[in-house]
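*Asks:* The structure's right below; bear with me while I get my questions together.
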Amino acid sequence: MLSVLSERHASHKFCILVPTFCVREGANGMGIPIGKLSLYCAAGGIAPHRVMPVVLDVGTDNEELLNHPFYLGVQKPRITGDKYFHLVDEFMRAVRFRWPNVLVQFEDFSSDKAQTLLNMYRREHLCFNDDIQGTGATTLAGILGALRAKGESVNSLGKQRIVIAGAGSAGIGVGQVLMDAMIEQGYTEEAAKKAFFVVDQDG
């Protein structure tokens with residue numbers, strides 16, 4: 001993978017890469033990282049030639065795509081386990097070698113692997129997971145604004161009762177960011193955890 005990145009993009013100096021595994025759409029999900037990078041360019045002022053969307057195509061478990069004659073992706077069941085993590089690690093090492101200062105935004109990674117991958121690379125790579133951290137930061141800002149609107153102190157965050165619908169990467173990511181904020185405000189981890197109730201889609 002390193003040789004591919006080096007040969008095809010030797011003259012490029014990227015600022016941001018957005019890799020995705022597109023769990024639901026397979027290779028057809030390329031529009032997801034393209035859309036996110038469009039926001040960086042349109043709203044953030046990043047030059048379009050300094051960003052790159054990436055699909056790490058490891059197959060698909062979507063039966064319709066597996067049998068579709070015009071599907072452009074790998075028409076095999078998705079790889080799992082050690083092979084999956086080895087591929088991601090190979091990609092991350094190649095990116096770090098080729099562009100050591102690039103920002104990697106993990107996008108649409110499955111909830112059972114998203115946090116694990118973030119924990120693996122967050123100390124060594126400039127990276128973040130939008131579903132976990134981006135959603136969490138936005139939610140925290142909204143809640144702090146709501147507390148001010150109610151006339152309450154933002155430091156009363158730990159006294160609220162917070163219900164999270166769904167235990168996917170976004171829901172748990174929101175909970176983690178809110179809990180970290182509570183701890184930063186002086187609440188103990190045990191007290192902060194008592195503020196949360198996580199329910200499934202049926203309540």
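*Asks:* For a quick protection proxy, order the peptides 64-76, 132-144 by their average other-Cβ count within 10 Å, most packed first. Don't skip to the end; give the middle numbers.
*Replies:* On the way: 64-76: 13.1, 132-144: 16.9.
Ranking, from highest mean packing down: 132-144, 64-76.
*Asks:* With +1 assigned to the C-beta of every Lys and Arg and -1 to the C-beta of every Asp and Glu, and no other charges, what is the dipole magnitude of the range 88-170 about the Cα centre in debye, to the nearest 20?
*Replies:* Value, rounded to 20: 380 debye.
*Asks:* Answer with a single label: of (1) 1.21; (2) 1.09; (3) 1.02, which was calculated as Rg/Rh (Cα atoms, Kirkwood Rh) from the structure in view?
*Replies:* (3)
*Asks:* Net charge within 12 Å of L65 by Cβ-Cβ distance, Lys/Arg positive one each and Asp/Glu negative one each, not counting L65 itself? Intermediate results must be reported in sequence, preceding the final value.
*Replies:* Numbers: positive: R24, K76, R78; negative: E25, D57, D61, E63, E64.
For residues surrounding L65, the net value is -2.
*Asks:* Using every Cα-Cα pair within the range 73-143, state what percent have a distance larger than 18 Å. Walk me through the intermediate numbers first.
*Replies:* Values: 1140 of 2485 pairs.
The answer is 46 percent, as a whole percent.
*Asks:* Per the 1.4 Å probe, what fraction of the accessible area of the chain, in percent, lies on carbon and sulfur atoms?
*Replies:* Carbon plus sulfur share of accessible area: 55 percent.
*Asks:* Could I ask something else about it? Quick query: amide H of D61 versus all other amide H atoms, modeled in the peptide plane; which residues come in under 5 Å with a sequence gap of 5 or more or a different chain?
*Replies:* R78
*Asks:* Would you tell me the accessible area of L103, worked out with a 1.4 angstrom probe on the heavy atoms of the protein chains, in Å² to the nearest 10?
*Replies:* 40
*Asks:* Identify all lysines with a Cα-Cα distance to K193 below 21 Å; exclude those on the same chain that are fewer than 8 residues away in sequence.
*Replies:* K159
*Asks:* Quick one: compute the contact order of the range 89-196, relative version, from alpha carbon pairs under 8 angstrom and 6+ residues apart, as a percent.
*Replies:* RCO, the range 89-196: 26 percent.
*Asks:* By Kyte-Doolittle mean hydropathy of at least 0.0 and Cα axial length of at least 15 Å, which whole DSSP H helices of the chain are selected?
*Replies:* Answer set is 31-44, 135-149, 169-184.
*Asks:* Further question on the same structure: Picking from I34, M92, V102, whose Cα lies most toward the positive end of the charge dipole for the range 31-106 (charges on Cβ: Lys, Arg +1; Asp, Glu -1)?
*Replies:* Checking the options against the dipole of the range 31-106, the answer is V102.
*Asks:* Quick one: putting +1 on the C-beta of Lys and Arg, -1 on the C-beta of Asp and Glu, what dipole do you get for the chain around its Cα centre, in Debye to the nearest 20?
*Replies:* 640
*Asks:* If you roll a 1.4 Å probe over the heavy atoms of the protein chains, what accessible area per residue do you get for the range 54-179, in Å²?
*Replies:* Dividing the accessible area of the range 54-179 by its residue count gives 54 Å².
*Asks:* Related question: Measure up K36/K83; K36/K76; K83/K194 against 32 Å on the Cα-Cα distance and list the ones that go over. Provide the component values of the computation, followed by the final result.
*Replies:* Numbers: K36/K83 27 Å; K36/K76 27 Å; K83/K194 38 Å.
Pairs exceeding the cut-off: K83/K194.
*Asks:* For the pair K159 and K13, how long in nm is the line joining their label points, each one 7 Å along Cα→Cβ?
*Replies:* Distance between the two pseudo-spin positions: 5.2 nm.
*Asks:* Now a separate question. Can you grab the distance from the C-alpha centre of the range 139-202 to the C-alpha centre of the range 89-136, Å, no decimals?
*Replies:* 24
The values are calculated or read from the model by the stated rules, or taken from the named source; none is laboratory data. Bear in mind that the values here come from a model prediction, so they are computed numbers and not experimental data. All Cβ positions, even for glycine, are placed from backbone atoms using ideal geometry, and neighbour counts span all protein chains on display. Just the protein is used for accessible areas: all its heavy atoms, side chains included, with ligands, DNA and RNA removed. Shrake-Rupley method; radii C 1.70, N 1.55, O 1.52, S 1.80 Å.
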